[in-house]
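J.: First the structure, then my questions, so here it is.
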Amino acid sequence: AQTVTQSQPEMSVQEAETVTLSCTYDTSENNYYLFWYKQPPSRQMILVIRQEAYKQQNATENRFSVNFQKAAKSFSLKISDSQLGDTAMYFCALGSSNTGKLIFGQGTTLQVKP
Amino acid sequence: NAGVTQTPKFRILKIGQSMTLQCTQDMNHNYMYWYRQDPGMGLKLIYYSVGAGITDKGEVPNGYNVSRSTTEDFPLRLELAAPSQTSVYFCASTTWGLFEGTQETQYFGPGTRLLVL
C-alpha cells in the first residue's frame, strides 16, 4: 500500500526566515511523482512544486525547494524568505505514474509571523 | 479557459437524501478524479476515470457512484446521504503522462462543501 506521512501538524516561522516541512512516503512503484500543495483558507489547492522520482536533481521553484532522498523515501520542502502569504496548510502527495492518482499526507499548518 | 468547475459550492442534505455533485473541465484532460477532505485532514481519493466510459474505485468509494459519458464531465452521485459524508469534495483533472519537461499535474476545482444533517 502507498502511504504518505507528515509528522509535523503545525509549524511557525518568522517572516523572512527559512522553514522546512517534512514528508516521508512508501511505495512499491519504481516510477512515481511527488508534490507539495498549498491550501490557504480559501480551500483552493495550489501546486507549489513537483518532483519526478527518476530525476536525481532536486526541484526548485523560486523560494521553494525540495530535498528528495529516494533511498530514505523522504521529500522535504524548504521555504526561504518566508512571506505572510505563505501562511496555509501544506500537503505532501505521492502520484502514481500509471493513473495519476494522488495519495496525500495529513498536512502541516504553517503560520508565518510578522 | 475556466479550468475545473464544480457545482454547487455548498449544500445541506438531510440523512437519506441523494444528490449529484457536478464537475466539468474545459482543458480536454483525459484523467479526472474525485477526492474528499474531512476537517483538518488530507484529501482521500473516492473515484477516478482515465477516459470516457472508464472509471475505477479509489480509497473511499463506499456510498458514492460515478459515471463518465464525456471527456468534460465527471459527476459524483451520493445515494442515501449519511452524516459521515459531511466533507469538502474536490474534483481534479490532468493530462497524465511521462512527458519530460512538461508540467502535468492535477488541476483542482474550488470544492463543494457538503453538510449532511
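The values are calculated or read from the model by the stated rules, or taken from the named source; none is laboratory data. None of these values were measured; they are calculated from a predicted model. Neighbour counts are summed over all protein chains in view; Cβ atoms, including those assigned to glycine, are modelled from backbone coordinates with ideal geometry. Calculation scope for accessible area: heavy atoms of the full protein, side chains included, ligands and nucleic acids excluded. Shrake-Rupley method; radii C 1.70, N 1.55, O 1.52, S 1.80 Å.
J.: Considering only strands (runs of 3 or more DSSP E) fully contained in segment B:1-41, which possess at least 1 residues that are buried (at least 19 other Cβ atoms within 10 Å of the Cβ) and of a type in the set (Asp, Glu)? Write out each step before concluding.
T.: Numbers: elements: B:4-7, B:10-13, B:19-25, B:31-37.
Result: empty, no element qualifies.
J.: Please go through segment A:19-43 and pick out each residue that is surrounded by fewer than 20 Cβ atoms within 10 Å (Cβ to Cβ) and at the interface with chain B (Cβ under 9 Å from one of its Cβ atoms).
T.: A:ASN31, A:SER42, A:ARG43
J.: Something else about it: Restricting to segment A:83-114, what's the tally of residues that are at pLDDT 95 or above, in a loop (DSSP other than H, G, I, E, B), within 14 Å of chain B (Cβ to nearest Cβ) and open to solvent by 10 Å² or more (accessible area, probe 1.4 Å)?
T.: Number of matching residues: 1.
J.: So which residues in segment A:59-82 are touching a Lys or Arg at 6+ places or on another chain (Cβ under 7 Å), assigned to a loop (DSSP other than H, G, I, E, B) and at pLDDT 95 or above?
T.: Listed by number, the residues that qualify are A:SER80, A:ASP81.
J.: Being closer than 20 Å to B:TYR107 by Cα, open to solvent by 40 Å² or more (accessible area, probe 1.4 Å) and basic (Lys, Arg), is that true of even one residue in segment A:67-76? Show your work before the answer.
T.: In the first step, residues of segment A:67-76 are kept if they are closer than 20 Å to B:TYR107 by Cα; the result is none.
No, the conditions are met nowhere in segment A:67-76.
J.: Related question: So A:TYR54 passes all but one of these: (1) closer than 14 Å to A:GLY95 by Cβ; (2) touching a residue at least 40 places away in the same chain (Cβ under 8 Å). Which condition number does it fail?
T.: The number of the failed condition is (2).
J.: Related question: Name every residue in segment A:1-34 that is more than 16 Å from the chain's Cα centre (by Cα) and aliphatic (A, V, I, L, M), in order of residue number.
T.: The answer is A:ALA1, A:VAL13, A:ALA16.
J.: Continuing with the same structure: Please determine, by comparing only the residues of segment A:44-58 that are crowded, with 18+ Cβ neighbours inside 10 Å and in a loop (DSSP other than H, G, I, E, B), which one is nearest to the other protein chains (Cβ to nearest Cβ). Step through it out loud before you land on a result.
T.: Within segment A:44-58, the first condition is being crowded, with 18+ Cβ neighbours inside 10 Å, and the residues that meet it are A:45, A:48-51, A:53.
Narrowing further to those that are in a loop (DSSP other than H, G, I, E, B): A:45, A:53.
Details: A:MET45: 4, A:ALA53: 11 Å.
Looking at the filtered set, the residue picked out is A:MET45.
J.: With respect to A:LYS73, is the statement that it is touching a residue at least 12 places away in the same chain (Cβ under 8 Å), basic (Lys, Arg), away from chain B (no Cβ under 13 Å) and farther than 16 Å from A:GLN8 by Cβ true?
T.: Working: touching a residue at least 12 places away in the same chain (Cβ under 8 Å): yes; basic (Lys, Arg): yes; away from chain B (no Cβ under 13 Å): yes; farther than 16 Å from A:GLN8 by Cβ: yes.
Spelling it out, A:LYS73 is indeed touching a residue at least 12 places away in the same chain (Cβ under 8 Å), basic (Lys, Arg), away from chain B (no Cβ under 13 Å) and farther than 16 Å from A:GLN8 by Cβ.
J.: While we're looking at this one, here's another question. Scan segment A:88-114 and report the pairs whose first residue is within 20 Å of B:TYR48 (Cα to Cα) and whose second residue is part of a loop (DSSP other than H, G, I, E, B) and aromatic (Phe, Trp, Tyr), with Cβ atoms within less than 8 Å and a gap of 6+ or a chain change.
T.: A:THR99/B:TRP96; A:GLY100/B:TRP96
J.: OK, next. Select from segment B:42-64 the residues that are assigned to a strand (DSSP E or B) and surrounded by fewer than 14 Cβ atoms within 10 Å (Cβ to Cβ) and list them in ascending order.
T.: Step one: of segment B:42-64, the residues assigned to a strand (DSSP E or B) are B:43-51, B:54-57, B:64.
Correct list: B:GLY51, B:ILE54, B:ASP56, B:LYS57.
J.: Something else: State whether the residues of segment B:2-16 include one that is within 11 Å of the chain's Cα centre (by Cα) and of a type in the set (Phe, Trp, Tyr).
T.: No.
J.: Okay, next question. Starting from segment B:71-85, keep only residues that are touching a residue at least 24 places away in the same chain (Cβ under 8 Å), then list their pairs with residues that are open to solvent by 70 Å² or more (accessible area, probe 1.4 Å) and assigned to a strand (DSSP E or B) whose Cβ atoms are within a distance under 6 Å, requiring at least 6 positions of separation or different chains.
T.: B:PRO75/B:GLN22; B:ARG77/B:ASN65
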